[in-house]
Amino acid sequence: MLGGTPTEPTEVHFAFNRDHLYMAVVCRDSEPDRLLGNTRKRDECLSADDRFMWTIDTFLNQQTGYFFDMNPSGLMADALMGPGGSNNREWDGIWNARVKRSEIGWTIEIDFPFRPLPFDPNSPAWGINFQRTVLRKNEESVGTGHLRNQGLRRMSNAGLLVGLTEVTQGHGFEVKPYVAGFSSDYPGRATATARQSDLDVGGEVAYNITPSLRAVATVNTDFAETEVDAQYVRTGEDNGSLGEDFAAIRVRRRILRQSFIGGICTGRATRDQTAIPTRSTAGLDFRLATSTFRGNKSLEASGFMAMNNLYGGKAGDNISYGARVGYPNDVCEGSVAFMEVQPNVEPELGFLPRHDFRRY
């Protein structure tokens, strides 16, 4: 029943020191022998299990955050949440957790190191919310924001975790080295083939200039081997050093309460400019949103425009743009969207599924 009282109580407790945030969760259950926790692979969807989920907005911007999920068997799942409901399951945070079943139900102990988790040390609080599923009863209980147009992932409806003072992020310096190599031999072939081998050494160095601004440099970049998440750009090239230099700058500025404007600039340059000249792309995007439209309704609008330079005798038709207006509410829900990608759009960095189309 929407807005009813949960039949199985849940308790969440916090403690912290200079380097770690600790959570203790007590999921009480009147029938502990009927707990469902069959999924054990990390980051799997728990649609068929009992579960406890929580979200954290470390910058209190009410737009972005982190999603975490566990079941009674100790499965750990996490994701990076972006504006407008985007969800990156490829992100893997650094955190530890243990689950114990007992006669009262199941309990979770969670340890979050502060150092790998970006946050604003001057923020008065973090946004936080919780949700528990008791599957056999088809029961969902949420900490705050229980209406159908709210929910766990809408951080504008989250509660506040206050009192996190005198905690440290460390120096914000991270090094990720890599070694990649291969060796091949074909002794069974009729024509003798010499053994082939190769070895590459390189890595990535990252430094947090500010809590929300990170500088990254790579040495002997190998895009097929270096660990890359959705905050960075992949080219999809083959294994090995590419003989090219890459650069990507992404900035975003919060405006109003739940909105932002942003910009991006990328560049890709071959070291032999006589073969292919430098290619660059620049773009702008925005999102305007409110959860108080006509009282407690949600309304959002977003859009983007990007342009890349041209070479090889091409001219014009090198712009992509689009816009969307959404009304994600209950009982009425709807959206209108438009996007055009012109024939000569070639961003060079990132992924473009197709070009030369218009979609409504």
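None of the figures in this text is laboratory data; all of them are computed from the coordinates on show. Quantities reported herein were computed from a predicted structural model and do not represent experimental measurements. Cβ coordinates were reconstructed from backbone atoms using ideal geometry, including for glycine residues, and neighbour counts include every protein chain displayed.
Extending 7 Å from Cα along the Cβ direction at D272 and again at F173 yields two label points whose distance is 3.8 nm.
Take V341, V331, V325 and order them by how many other Cβ atoms sit within 10 Å, fewest up front.
Values: V341 21, V331 6, V325 15.
Exposure proxy ranking, most exposed first: V331, V325, V341.
In whole Å, how far is the Cα centre of region 1-75 from that of region 310-360? With region 1-75 and region 310-360 each reduced to a Cα centre, they are spaced 37 Å.
Within the set of other residues whose C-beta is less than 9 Å from the C-beta of E340, count the net charge using Lys and Arg as +1 and Asp and Glu as -1. Within the 9 Å Cβ shell, the charges total +2. Counting every other Cβ atom within 10 Å of each residue's Cβ, I319, I104 order from fewest to most as I104, I319.
Starting with the highest mean, order 156-166, 44-54 by the number of other Cβ atoms within 10 Å, averaged over the residues of each peptide. Please report the intermediate quantities before stating the final value.
Working: 156-166: 15.0, 44-54: 18.6.
Result, highest mean first: 44-54, 156-166.
Using the Cβ of I261 as centre and a radius below 13 Å, the other residues enclosed give a net charge of +4, where K and R count +1 and D and E count -1. When region 244-360 is described by a simple charge dipole with +1 on each Lys and Arg Cβ and -1 on each Asp and Glu Cβ, the residue from C332, L310, T278 located farthest towards its positive end is C332.
Placing a label point 7 Å from the Cα of L352 along the Cα-to-Cβ direction, the residues of region 245-266 whose backbone N falls under 14 Å from that point are 266. Extension gain, K137 to I261, is 40.4 nm, computed as 0.36 nm per intervening residue step minus the present C-alpha separation. The per residue volume of the convex hull around the alpha-carbon atoms of region 112-167 is 106 Å³. Taking Cα centre as origin and charging only the Cβ of basic (Lys, Arg, +1) and acidic (Asp, Glu, -1) residues, the dipole magnitude of region 1-74 rounds to 180 debye. Taking log10 I(q)/I(0) by the Debye sum over Cα atoms at q = 0.06, 0.13 Å⁻¹ as calculated from this structure, the corresponding entry among [x] -0.22, -1.01; [y] -0.38, -1.08; [z] -0.31, -1.21 is [z]. Rounded to the nearest 20 debye, the dipole magnitude of the chain is 980 debye, with +1 charges on Lys and Arg beta carbons, -1 on Asp and Glu beta carbons, and the Cα centre as origin. Think of region 244-360 as having a plus end and a minus end, set by charges on the Cβ of Lys, Arg, Asp and Glu; of P353, A248, A323, A323 sits farthest toward the positive end of this dipole. Placing +1 on the Cβ of every Lys and Arg and -1 on the Cβ of every Asp and Glu, with no other charges, gives region 244-360 a dipole of roughly 480 debye about its Cα centre. Each residue of region 324-339 was assigned a 3J(HN,Hα) from its phi angle through the Karplus curve 6.51 cos²θ - 1.76 cosθ + 1.60 (θ = phi - 60°); the sequence is 8, 10, x, 10, x, 9, 10, 8, 8, 9, x, 7, 10, 9, 8, 8 Hz, with glycine and proline shown as x. Per-residue extension of 0.36 nm, minus the Cα-Cα distance of R28 and E8, leaves a gain of 6.6 nm for this segment. When the chain is treated as a Gaussian network with alpha carbon springs shorter than 10 Å, the biggest mean-square fluctuation among E174, E11, E348 belongs to E11.
Set the Förster radius R0 to 30 Å, insert the Cβ-Cβ distance between E340 and L299 as r into 1/(1 + (r/R0)^6), and round the FRET efficiency to 0.05. The value I calculate is 0.80.
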